[in-house]
Amino acid sequence: STPIVAFAVLRENMLEVLINVLADTLLPASLSSLPRGALDPSSEGIRARLYMRPCNDLRMCLTHRGAAQHWLAKPELLRTVLAVLRSMQGMNPYVLKTGDHVEREGNDWINAMTAELFVMTTFRIGAASVADGLSGESMVKKGAGAGG
């Protein structure tokens, strides 16, 4: 079950690994030509949405208050997350277009918005879990007791 897996992830120090996998998936797609080395939405990793699997694993874990508190209590993990979020800023600058109406957004815009929303909501889940607690919180304690 999810609570047991979340507890095991913490016990085996895999939360750090998941966050680093996400960073390793996204940060190489940064371009020095974009503001502050922002991600390139046309890069293969962004187009293929390689960030989704580590994000989904992190979402599962960060719904549990203990895992989310662990994430926020470790400055190096928080710095990694902030570096990932910072790299997403400016990856899709808006350009004022005049003349013809844009009937459809381009693929780069879609890729940028999808990546940004997916990654940002992953970490918002963790922050909300710490702030309010989510339903899986008490189940992690039960799972921890069952595991030894």
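Quick notes
- T98 passes every criterion in (1) within 13 Å of the chain's Cα centre (by Cα); (2) modelled with pLDDT under 90; (3) β-branched (V, I, T) apart from (1).
- Residue pairs whose Cβ atoms lie under 8 Å apart, sitting 6 or more positions apart in sequence or on different chains, and linking a residue in region 6-23 that is of a type in the set (D, E, K, R) to a partner that is in a helix (DSSP H, G or I) and open to solvent by less than 20 Å² (accessible area, probe 1.4 Å), are E16/L77.
- The residues on offer are L78, L85, and the sole one that is part of a helix (DSSP H, G or I) and over 18 Å from L117 (Cβ atoms) is L78.
- In the set (1) within 25 Å of A131 (Cβ to Cβ); (2) modelled with pLDDT under 85, the condition left unmet by E105 is number (1).
- Assessment of region 85-93 against the conditions (at pLDDT 90 or above and within 16 Å of the chain's Cα centre (by Cα)) yields no matching residue.
The values are calculated or read from the model by the stated rules, or taken from the named source; none is laboratory data. Note that this is a predicted model, so its numbers are computed, not measured. So basically every Cβ, Gly included, is an ideal-geometry build from the backbone, and we count neighbours across all protein chains shown. To get the accessible areas, we keep the full protein, side chains included, count just its heavy atoms, and leave off ligands, DNA and RNA. Shrake-Rupley method; radii C 1.70, N 1.55, O 1.52, S 1.80 Å.
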